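One structure below.
FYI, it's all coordinate maths here, none of it is from the lab. Every value quoted in this text rests on a predicted model; they were computed, and no experiment measured them.
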Amino acid sequence: MIGLSPMKLALLSDLHANLQALTACLADAHARGATHHAFLGDLVGYGADPGPVVDIVMRMVNQGAWALKGNHDAAAVNPDPTNRRADHVGGVWSHSQLSRPQRDFLADLPLVVRHDKLLLVHASAVDPARWSYITRPSEAAESMTAAQAQQATHVFCGHVHEQRLFYTGATGRTMAFEPTAGVALPVPAHRQWLATIGSVGQPRDGRPEAGYAILDVTTLQLTFVRVPYDHRAAAAAILKAGLPSFNAMRLAIGQ
Amino acid sequence: MKLMEPGTEIDGFVIGECVHAGGMGHIYRIGYADPGRKPPFPMAMKVPRMTGGDGAENIVGFEVEHQLLQALHGPHVPRFVAAGDLARLPYLVMEYIDGRPLQHWLDEATTTRRRPAASEIAALGAALATAAHSLHMQNAVHLDLKPGNVMIRSDGSAVLLDFGLSWHGHYPDLLAEETRLPVGSAVWMAPEQVVGMRGDPRSDVFAIGVMLYELACGELPFGEPQTRGGLRQRLWMDPVPPRAIAPETPDWLQEVILRCLEPEAKLRYPSAAHLAFDLANPDQVAVSERGRRTTREGFGTRLRRWIKAAGMHYEPSPLPSLQVDQIPIVMVAVPWKDASDATLYSLRTATNRSLGIRPGARLACVTVVSAGDSDHMVPGRGETDVHRAHLDRLRQWARGLDLEGHQVSFHVLEAGDVARALVDYARANAISLLILGAATHGVKFQRLIATVPVRVAMEAPCSVMLVKQSLPFERLGMEPTLAGDNAG
């Protein structure tokens, strides 16, 4: 139970086994006074450190943090060697790197968490296990409508590795907004909002900085954050682990 | 909506006199209910009209204004104090601005049947443009500038009010319209706003043009259109030139006003700072046919604009500060004594280079002379002559510049403290880049006192480019002593 004390929720998604980025984001969230944490899925895949990353999340979940399942997590639990999609290709390797308790933890993660007016999901609130991408207002509108049916006004999700805010415009249409990092945006509850909060471990908007967001639940202000981290070390770890070199290269260029 | 009685208490504030009751709501003077708590500045409370039958646009306007007031700062916007909860009791508490609304000048002109003097119109316009530019540099565009939303303080500076329809690049645009419904006040609305475009700082330049036009002529350039069709006319129609209505309007003022009112945004002043600059320097306005004409433009021009306008539609805008930064005002400080040919040559080269990569940038060439300097001049030459001689030198210096596509002006400042004068000038004119010689303005005393270039670099409100001599005549043949210093 949250009570009346101030609540600052750090929203982190698509960690992708990037230990360096996760550590940097958690330190940044701590400095910004985060009181609560939510991990919106894809803890593993692409990166070199699935085990240590899952350990951190497990420990924080034990202390009350929320964690959700993403497609890469599902694939790491039950990899399909015949499937050529990135999550399954990487899933075979991740599976081999994770201990039984770590895999059980991933297997038990929920697809959706709802807290008061907030709905957290890895991809779309419409049939979450289909892992639909939300990049356009129409897709955001569908997800918001599904969330509204569950009395939620604010939807937070990951999966697309880009930071974007969708909202209802003057004419009732859903509009997309490209946020500026570090600006606190009021997200009052009389409107519907959907934020894709970006990726901690593998940003894809051309910038290497790790992305996450902080929601001040008390004042309803959302801040998108970018955190510089040692992406060279993360890339070196990927190469050392024998993973595809593109996984390493893309971190420096944010792709 | 019911008027609140003086003495009513809300969230720790006590209501005073109602100073404005309008269609959008009420404005009250207020204080803190706790008599021991003194406000740091006078405060006003704005209570939007938001009862049952009121439209959603008032609620959105309230949200937008709340967002903007929290984000904006500086002397040209009221300071933000507090906001009431939207669901319970919406209100905004902000600084009460003690001044005269611009509307007073228009009303006074109507009553006395005398148009304000051109110099007064220019001063008001410059204050307005300076205030708008300060907003644009903070990534906001007002989009509803009109005489009722502008307060002029006793020092002549302008404060902008009412941000309910404004746009800020850092926040989701709650008023964004992809359905092409215009938002704003019809009289002052820029053509691109008519088709739903928001976020262009030049829309505010247009609105300022409408106000200057009314100040000069006593008439509205586009009337008060009541229909969508009437509103769209300004996409291709230029107004009757001010001199046709008020023949006493100087050509430079008409040039400025009509440039603000160009239907195509890219033909207007590229930023409000450029506009403020012209209004502050009327003698430097480059008057074209636009400033002298007494009839509207021809049918051909209008037809061309009409065809272009048919294709205009809503699109998202880049950040205003970026738009404005791309067309800066560049200032070059040209020394008038102790300056070698090499220094002047290097300054010219650096200026050319800076202008070349900034299409549309304007250039202000400035020289500072000290008040006593005329004493050393040839006896019999008065101060005006000295002034003129300096202007001629500046013009001569600028002759070597490639000024294609750039406006240029020349300024002789009189001051004892050269660095102070340059910095003040840069601040007053929203200069983006100040170019000066690294070894000019008294460099001989470099080891003893902070030189002018050093002080300017430290105190300037903008970027400073210190230019080194590229033709080191004095040093030819000295290279060996410069190299090898770091040997070992």
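With a ≥ b ≥ c the root eigenvalues of the C-alpha gyration tensor of region A:123-184, is it rounded (a/c under 1.5), prolate (a/b larger than b/c) or oblate? Taking the square roots of the gyration eigenvalues as a ≥ b ≥ c, region A:123-184 is oblate. 3J(HN,Hα) along region A:72-88, derived from phi through the Karplus expression 6.51 cos²θ - 1.76 cosθ + 1.60 where θ = phi - 60°, amounts to 5, 5, 4, 5, 6, 6, 10, x, 10, x, 8, 8, 8, 5, 3, 5, 7 Hz, with x in place of Gly and Pro. Rounding to the nearest 10 and keeping the result within 0 to 90°, find how far the Cα-based axis of helix A:50-62 lies from the longest principal axis of chain A. Around 40 degrees separate the two axes. Less than 5 angstrom separates the built amide H of residue A:41 from those of A:14, A:68, all sequence-distant by 5 or more or on a different chain. Taking a ≥ b ≥ c as the square roots of the eigenvalues of the alpha carbon gyration tensor, region B:135-225 is oblate, as a/c is not under 1.5 and a/b does not beat b/c.
So who's got an amide H within less than 5 Å of the one on residue B:464, skipping anything under 5 residues away but keeping other chains? H placed 1.01 Å off N, in plane. For residue B:464, whose amide H was placed from the backbone, the distant partners under 5 Å are B:434. Amide H to amide H, with H built 1.01 Å from N, residue A:115 comes under 5 Å of A:120, counting only residues 5 or more places away or on other chains. Taking θ as phi - 60° and the Karplus parameters 6.51, -1.76 and 1.60, the scalar couplings of region B:397-414 work out to 4, 6, 4, x, 8, 8, 9, 4, x, 10, 8, 9, 9, 10, 9, 10, 9, 10 Hz in sequence order, x denoting glycine and proline. For region B:216-231, backbone phi angles converted through the Karplus equation (6.51, -1.76, 1.60; θ = phi - 60°) give residue-by-residue couplings of 6, 10, x, 10, 8, x, 10, x, 10, x, 9, 10, 4, x, x, 5 Hz, Gly and Pro being listed as x.
Of the DSSP beta bridges with both residues in chain B, give the percent that are antiparallel, rounding to the nearest 5.
Details: 29 of 50 bridges.
Here the antiparallel bridges make up roughly 60 percent for chain B.
Once you order the gyration tensor axes a ≥ b ≥ c over the Cα atoms, which shape class does the protein assembly as shown get: rounded for a/c under 1.5, otherwise prolate or oblate by comparing a/b with b/c?
oblate
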